[in-house]
Amino acid sequence: MGKIIIAGNWKMHKTQAEALEFLQVLKSNLEEANEAREIVLCAPFTALGVMSKSLHGGLIRLGAQNIHWEEKGAYTGEISGLMLKELGVDYVVVGHSERRQYFGETDETANLRVIAAQRHGLTPILCVGESKSQRDAGETETVIINQVKRGLVDVDQSNLVIAYEPIWAIGTGDTCEATEANRVIGLIRSQLSKKEVTIQYGGSVKPSNVDEIMAQPEIDGALVGGASLDPVGFARIVNYQ
């Protein structure tokens, strides 16, 4: 088992003002600090600066949603580890299915981004997961093992988080059965040299199902999408029983 990490991925949501308002409500709804649980908010790049100032020295860690593999250069629309580190970012999501689906991310580019994150002292959250057609064809295991192997070439597993996000369960309301998520996460763990890597589940995690998900022995946390946009609901997920 790895460290418990509950991360919210805001995707393309929240202005700076909305982010600060969210933080106020979230902080007031968190139970007495359970230091065994790390809380991470992966915000849009525009909100990172104001959030960093507001979170300084607090319990909540700051995450970004992408990182480029070069430190600088002619890469319009990208962001480097140097820039993220300057803003006080600790975590960065890499290879999310939406990046793969809409923006041409591959296992190979995700791998370069993971290595870049580590080079700058950031902890990458590498996302892996199969599509509905791959699951229906019985290819889940092959797809996941290949994504893990290609994504972790030359990667230091002592500074790493993996998120299992079945694509068919992201934003669809379809949640992978907790026992099935646990099975796939066990499969991912079997591919790692360091078994204590934190492996999260992501895919329609919400207050109503988080207790069952987090009761599974292989699952070390959650990467929460839509349900992380509501501070009260996200606090309930962080405060899971």
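For the stretch 38-140, count the residues as N, evaluate 2.2 N^0.38 Å, and divide the Cα radius of gyration by that value, please.
That ratio works out to 1.16.
Quickly rank 127-134, 43-50, 168-175 as a protection proxy: mean count of other C-beta atoms within 10 Å, highest first.
Highest-to-lowest ranking by the protection proxy: 127-134, 43-50, 168-175.
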Label point distance in nm, E108-D154, each placed 7 Å from Cα along Cα→Cβ: 1.3
Excluding residues fewer than 8 positions from K149 in its own chain, the aspartates and glutamates with Cα under 18 Å of it are E105, D107, E108, E130, E139, E141, E165, E196
Cα-derived Rg to Rh of the stretch 146-241, Kirkwood definition: 0.98
Per the helix-only model, the chain has a calculated mean residue ellipticity at 222 nm (DSSP H runs of ≥4, -39500 (n - 2.57) each, divided over all residues, rounded to the nearest 500) of -11000 deg cm²/dmol
If the chain between L59 and T179 were fully extended at 0.36 nm per residue, the gain over the current Cα-Cα distance would be 40.2 nm
Take Q101 and Q24, extend 7 Å from each Cα along the Cα→Cβ direction, and tell me the distance between the two endpoints in nm. 3.5
The stretch 4-238 - convex hull of the alpha-carbon atoms, volume per residue in Å³: 117
What order do you get for 12-18, 196-202, 65-71 when each peptide is scored by the mean count of other beta carbon atoms within 10 Å, highest first? 196-202, 65-71, 12-18
Restraint check, K11/K132; K11/K195; K53/K195, Cα-Cα greater than 25 Å: K11/K195; K53/K195
Relative packing of 91-104, 181-194, which averages over residues the other C-beta atoms within 10 Å, highest first: 91-104, 181-194
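Taken together, the values in this text are just the output of simple stated rules run on the coordinates, not laboratory data. Because the structure is predicted, anything quoted here is derived from the model rather than measured. Neighbour counts are summed over all protein chains in view; Cβ atoms, including those assigned to glycine, are modelled from backbone coordinates with ideal geometry.
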